[in-house]
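> Before I ask anything, here is the structure I am working with.
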Ligand SMILES: Cc1cc2nc3c(=O)[nH]c(=O)nc-3n(C[C@H](O)[C@H](O)[C@H](O)COP(=O)(O)OP(=O)(O)OC[C@H]3O[C@@H](n4cnc5c(N)ncnc54)[C@H](O)[C@@H]3O)c2cc1C
């Protein structure tokens, strides 16, 4: 990591960045390339990463965490994603999964979730359903009151970390008559709760080292104490969580951008055509100028949204801009990297084709880039 990109990085985070670099050079760089060609299973690597506490970077010091700022953890995530975006998504997913608890949960729930995370756990955020993608308000999952308990039924799809999560926050309708706005409620459900099971495992184009699956709730009984925040306030909680998660999603994409630049730059130093290394060719250098410009812009948008978040200022539109710009930049930079490597870039012998496959999801999940543009458009122009 170039520390100039992160002038406000704390000394603790700088030390951790070096540890992460050493770890990723040894355990992630080559291993994820091999795993990507197979089923993407990196369970052993994730175990080592959680032993190092990389899943717990956002846990506050008063709960036993490292006490880093959000700025620090965002920077460190770029470092992890640089080596493999699927790895970065997996270990950082607690930001998304624990978000509703962090924002709206009570003290007992926060303590429980932070304990799970500090024990090496990773969570799953269960919002999407087959008929409720961009329109998350169309969810059909229900939670019916039964005495002091709730019975949750429904199938959530495309859930990151579905198969490996220790806890889930699931959104279900507690009062259909009120619609999603006031009828959706968030519940904290732990792995092993009877009736909770994992359905279809997705076979993906990219970020193959991140596990994605259905999570099925079949008469899952939970006590009322599992409600996160207020009853009927789940949709708002989901949207607030996604605002936060869009920053981390964006910075993960920036990791791909930086890796694409570095891989392509290394290649053109040694690739000779027309009697000279490609690095001497200005047309090629201009490509790097555009990749650099988009990467820096995306990184700065992520950091701007991060600083607004840290200062408790509104940041929804800024987070949407960060995620959208970073997703587009990752697609641009990885595609250009393939182009710069020519035919070799298209082959699996070089890592840039994987970067291009990994980049695509950043224009799709945690709100597609069309939805980010809707958020920004409404912010700028009004409804
Ligand atoms: C690998 C992966 C991991 C994921 N992880 C999670 C997770 O952990 N938790 C979770 O809850 N979900 C997760 N998702 C779901 C993800 O957030 C959704 O896929 C995404 O929100 C889009 O929904 P959809 O796929 O149903 O697309 P659709 O909603 O069917 O959209 C299809 C296309 O139409 C466009 N579109 C739709 N509505 C509009 C509109 N109003 N205006 C303009 N364009 C529109 C979309 O932008 C898109 O291009 C994940 C998805 C993937 C692929």
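> State whether the residues of the stretch 133-147 include one that is closer than 28 Å to residue 60 by Cα and away from the ligand (no atom under 12 Å from the Cβ). Working first, answer last.
Of the stretch 133-147, the ones closer than 28 Å to residue 60 by Cα are none.
No, every residue in the stretch 133-147 fails to be closer than 28 Å to residue 60 by Cα and away from the ligand (no atom under 12 Å from the Cβ).
> Whether any residue in the stretch 194-206 is within 16 Å of the ligand (Cβ to nearest atom), in contact with a helix residue (DSSP H, G or I) (Cβ under 6 Å, 6 or more places away or on another chain) and within 23 Å of residue 91 (Cβ to Cβ) is what I want to check. Lay out the reasoning, then the answer.
Narrowing the stretch 194-206 to residues within 16 Å of the ligand (Cβ to nearest atom): 196, 198-206.
Pick out the ones that are also in contact with a helix residue (DSSP H, G or I) (Cβ under 6 Å, 6 or more places away or on another chain) and you get 205-206.
Filter once more, so that each one left must be within 23 Å of residue 91 (Cβ to Cβ): 205-206.
Yes: one or more hits.
> Take residue 158 and decide whether it is over 18 Å from the mean Cα position of the chain (by Cα), within 20 Å of residue 234 (Cα to Cα) and not assigned by TED's automatic domain parsing to the domain that holds residue 367.
Taking the combined requirement at face value, the residue does not satisfy it.
> Do any residues in the stretch 156-175 that are in contact (Cβ under 8 Å) with a residue 40 or more places away in the chain and at positive phi have Cβ atoms under 9 Å from those of residues that are near the ligand (Cβ under 9 Å from one of its atoms) and in a loop (DSSP other than H, G, I, E, B), where the two are at least six apart or on different chains, and which pairs are they?
158/128; 158/133; 158/202; 158/365; 161/93; 161/210
> Looking at the stretch 355-383 only, could you name the residues that are on the phi > 0 side of the Ramachandran plot and in contact (Cβ under 8 Å) with a residue 60 or more places away in the chain?
Just the residues of the stretch 355-383 that are on the phi > 0 side of the Ramachandran plot, to begin with: 366-367, 382.
366, 367 - these are the residues of the stretch 355-383 that are on the phi > 0 side of the Ramachandran plot and in contact (Cβ under 8 Å) with a residue 60 or more places away in the chain.
> When you go through 95, 104, 179 one by one, which is the residue that is away from the ligand (no atom under 16 Å from the Cβ) and not assigned by TED's automatic domain parsing to the domain that holds residue 206? Give the derivation first.
Working: 95 fails: away from the ligand (no atom under 16 Å from the Cβ); 179 fails: not assigned by TED's automatic domain parsing to the domain that holds residue 206.
The unique qualifying residue is 104.
> Out of curiosity, is residue 333 within 20 Å of the chain's Cα centre (by Cα), within 16 Å of the ligand (Cβ to nearest atom) and at pLDDT 95 or above? Spell out how you get there, then give the answer.
Working: within 20 Å of the chain's Cα centre (by Cα): yes; within 16 Å of the ligand (Cβ to nearest atom): no; at pLDDT 95 or above: yes.
Judged against the criteria, residue 333 is not a match.
> Condition (residue is buried (at least 20 other Cβ atoms within 10 Å of the Cβ) and within 11 Å of the ligand (Cβ to nearest atom)) applied to the stretch 113-121: is it met by at least one residue?
Scanning the stretch 113-121 turns up no residue that is buried (at least 20 other Cβ atoms within 10 Å of the Cβ) and within 11 Å of the ligand (Cβ to nearest atom).
> Out of (1) crowded, with 20+ Cβ neighbours inside 10 Å; (2) without any contact (Cβ under 8 Å) to a residue 60 or more places away in the chain, what's the single condition that is false for residue 252?
Failed condition: (2).
> Let me spell it out: the conditions are (1) surrounded by fewer than 24 Cβ atoms within 10 Å (Cβ to Cβ); (2) within 16 Å of the ligand (Cβ to nearest atom); (3) not in a helix (DSSP H, G or I), and residue 66 meets all of them except one. Which number is the exception?
Looking at each condition in turn, residue 66 falls short on (2).
> Which of the residues spanning the stretch 199-209 are outside any strand (DSSP E or B) and touching a strand residue (DSSP E or B) at 6+ places or on another chain (Cβ under 7 Å)? Spell out the reasoning first.
Initially, the stretch 199-209 is screened for residues outside any strand (DSSP E or B), giving 202-209.
Listed by number, the residues that qualify are 202, 204.
> Scan the stretch 222-237 and give yes if some residue there is surrounded by fewer than 18 Cβ atoms within 10 Å (Cβ to Cβ) and under 21 Å from the mean Cα position of the chain (by Cα), otherwise no.
For the stretch 222-237, residues surrounded by fewer than 18 Cβ atoms within 10 Å (Cβ to Cβ) and under 21 Å from the mean Cα position of the chain (by Cα): absent.
> Within the stretch 123-187, which strands (runs of 3 or more DSSP E) (wholly inside it) include 2 or more residues that are more than 13 Å from residue 96 (Cα to Cα)?
Values: elements: 123-126, 142-146, 149-160, 167-173.
Once the strands (runs of 3 or more DSSP E) in the stretch 123-187 are filtered for at least 2 residues that are more than 13 Å from residue 96 (Cα to Cα), what remains is 142-146, 149-160, 167-173.
> Here's a follow-up. Do we have any residue at all in the stretch 210-225 that's out of contact with any helix residue (DSSP H, G or I) (no Cβ under 7 Å at 6 or more places or on another chain), in a helix (DSSP H, G or I), modelled with pLDDT of 95 or more and not assigned by TED's automatic domain parsing to the domain that holds residue 80?
Yes - at least one qualifying residue is present in the stretch 210-225.
> Working carefully through the options 143, 138, find the one that is buried (at least 20 other Cβ atoms within 10 Å of the Cβ), more than 28 Å from residue 209 (Cβ to Cβ) and over 18 Å from the mean Cα position of the chain (by Cα).
Values: 138 fails: buried (at least 20 other Cβ atoms within 10 Å of the Cβ).
Residue meeting the stated conditions: 143.
> For the subset of the stretch 358-383 comprising residues that are over 16 Å from the mean Cα position of the chain (by Cα) and within 28 Å of residue 93 (Cβ to Cβ), which member is farthest from the ligand (Cβ to nearest atom)?
Quick first cut of the stretch 358-383, residues over 16 Å from the mean Cα position of the chain (by Cα) only: 370-371, 373-383.
Add one more test, that the residue is within 28 Å of residue 93 (Cβ to Cβ), and what stays is 370-371, 373-376, 378-379.
Working: 370: 3, 371: 6, 373: 8, 374: 6, 375: 11, 376: 13, 378: 12, 379: 15 Å.
That would be 379.
> From the list 75, 81, 35, pick out the single residue that is surrounded by fewer than 24 Cβ atoms within 10 Å (Cβ to Cβ), in a helix (DSSP H, G or I) and either in contact with a helix residue (DSSP H, G or I) (Cβ under 8 Å, 6 or more places away or on another chain) or not assigned by TED's automatic domain parsing to the domain that holds residue 349 (or both). Spell out the reasoning first.
On the way: 75 fails: surrounded by fewer than 24 Cβ atoms within 10 Å (Cβ to Cβ); 81 fails: surrounded by fewer than 24 Cβ atoms within 10 Å (Cβ to Cβ).
Every option except 35 fails the conditions.
> Hey, which of the helices (runs of 4 or more DSSP H) in the stretch 290-383, taking only ones fully inside, have at least 3 residues that are assigned by TED's automatic domain parsing to the domain that holds residue 278 and surrounded by fewer than 17 Cβ atoms within 10 Å (Cβ to Cβ)?
Numbers: elements: 316-341, 352-360, 369-381.
Correct list: 369-381.
The values are calculated or read from the model by the stated rules, or taken from the named source; none is laboratory data. For clarity, every value in this text was computed on a predicted model and none was experimentally measured. Here the Cβ is made from the backbone with ideal geometry for all residues, glycine too, and neighbour counts use every protein chain on show.
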